[in-house]
1. With both bridge residues required to lie in the range B:48-248, what share of the DSSP beta bridges run antiparallel, to the nearest 5%?
2. Let me understand the range B:78-178 better: what is its radius of gyration from the alpha carbons, and its Dmax, in angstrom?
3. Under the rule that an exposed site lies in a DSSP loop and has at most 10 other Cβ atoms within 10 Å, name the longest stretch of chain B with no GluC sites (Glu not before Pro) of that kind, not counting the sites themselves.
4. Want the number for B:GLU174 to B:ASP144: 0.36 nm per residue separation, take away the alpha-carbon distance, what's left?
5. For peptide B:234-247, what's the mean number of Cβ atoms from other chains within 10 Å of each residue's Cβ?
6. Taking the Cα atoms of the protein assembly as shown, report the difference between the largest and smallest coordinate on each principal axis, in whole Å and largest first.
7. Please report how far the C-alpha centroid of the range B:56-79 lies from that of the range A:36-55, rounded to the nearest whole angstrom.
8. Over 27 Å between Cα atoms: which of A:LYS39/A:LYS86; A:LYS27/B:LYS89; A:LYS77/B:LYS89; A:LYS27/B:LYS214; B:LYS37/B:LYS200 fall into that group?
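The values are calculated or read from the model by the stated rules, or taken from the named source; none is laboratory data. Since the structure is predicted, the reported quantities are computational estimates derived from the model, not experimental observations. Ideal geometry is used to build each Cβ from the backbone, glycine not excepted, and the neighbour counts take in all protein chains shown. Protein only, heavy atoms only, side chains kept; ligands, DNA and RNA dropped before computing areas. Shrake-Rupley method; radii C 1.70, N 1.55, O 1.52, S 1.80 Å.
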Amino acid sequence: MRVLLAACLFAASASAHHSMAGFDRNKTVTLTGTVKQFKWANPHSWIEMEVTNDKGSMDVWNIEMTSPAVLIRAGWKSSSVKPGDKVTMMAHPLVTGEPGGIFVSVTIPSGQTLTDRPIQPAAATPPPRP
Amino acid sequence: MRTGFLLAGLAMASLAAAQTAAPELPPSALAPANLAKTRPKPPFDLTGTWQHGGGPNNPFQFSPPPGAKLTPAAQVHYDAARKARAEGKAYHDDIGQCWPAGLPLIMTRVWPIAMIQIPTAIYMISGFMNSVRTIFLDGRQHTDPDLVVRSFNGESIGHWEGDTLVVDTRNFVEDHHWLDNGIPLTDAARIIERMRLIDKGAALEIEYTAIDPKSWEGEWKWTKRWRRVNDQDITEASCLPDLNEHMPSTKPSQNVR
């Protein structure tokens, strides 16, 4: 099974144009799979990735992200993640159990782990919130 | 042929006589003559980019104060929203379905707001869906309710009281507009903002007072703070079907409507 439930290791982080009620902030899943699409856009970026489920078939997970303006301050570029990349993603999943979640972090093929937290001291940029 | 022209002329004259006179409209905030009027120097200039600060003492929500009493109509929504939340679902998440956030929520989104102040108005453009809000400072009155085009940000008119800008906003839309989860804002809503600069101009503080007799009793108050951000600009942002296809939280299965 490529989807692992982990303890809530990360503080909830998201900025959204919609309600966050559907995400389980007390749960973090680790997804290992292949990036299908990465959209670098306002007001939200998103990653679509293919993940093999415990029955051996493929699920497509949509992972909501914050805005590029926030991601840039966290060290992201539009080329940070590309279709076909094998990545390990951490996300807060949907409460309903459907494949989908809100972004926490991703480890890309270079081994670098990217989050949506600013690299500069927190005082320079407010923490994202729902 | 000549008779036809004569009849047409009579008909037009009759129609013109039946029409009422067009209302006199105030000059545009950008009209040179309006801009050129002599006015006292304002105590501050909000021109710049501002970001709601967030944090535990400065939440983005406009939650009901302790002891708040909702009207029966609003209570139905509030209870339904609480039930949906308990099931891990959103309730009437209209913003997620691309309806405008509207005042006051548009002021506390995580995206910055560009503010441009001129003698007759302050223009606020949010990085969130590029929502435009205008606060008129040229002494005009609120528009006749029979003429006004209601909106999510409402019609804002400001005046100066000492070092404070007092903004009175009315004429909101009647639906798809929410103060907080499960608390509808209606066309009876009115929001007063008292704006002042603090921290030597680096921060903006706004005291909110909101009434909406169709949704709750009495006045609700909050105080929020923004900080000036000099390394951010507003960029184009749209709520698109393509976006929502990839936002799991906006799917019908995640929403109670």
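1. Counting DSSP beta bridges with both partners in the range B:48-248, the antiparallel share is about 95 percent.
2. 16.0, 50
3. B:25-235
4. In short, 9.1 nm is gained.
5. Mean partner-chain Cβ count within 10 Å for B:234-247: 5.
6. Ordered largest first, the protein assembly as shown gives principal extents of 83, 65, 45 Å.
7. With the range B:56-79 and the range A:36-55 each reduced to a Cα centre, they are spaced 35 Å.
8. Where the Cα-Cα span goes over 27 Å, the pairs concerned are A:LYS77/B:LYS89; A:LYS27/B:LYS214; B:LYS37/B:LYS200.
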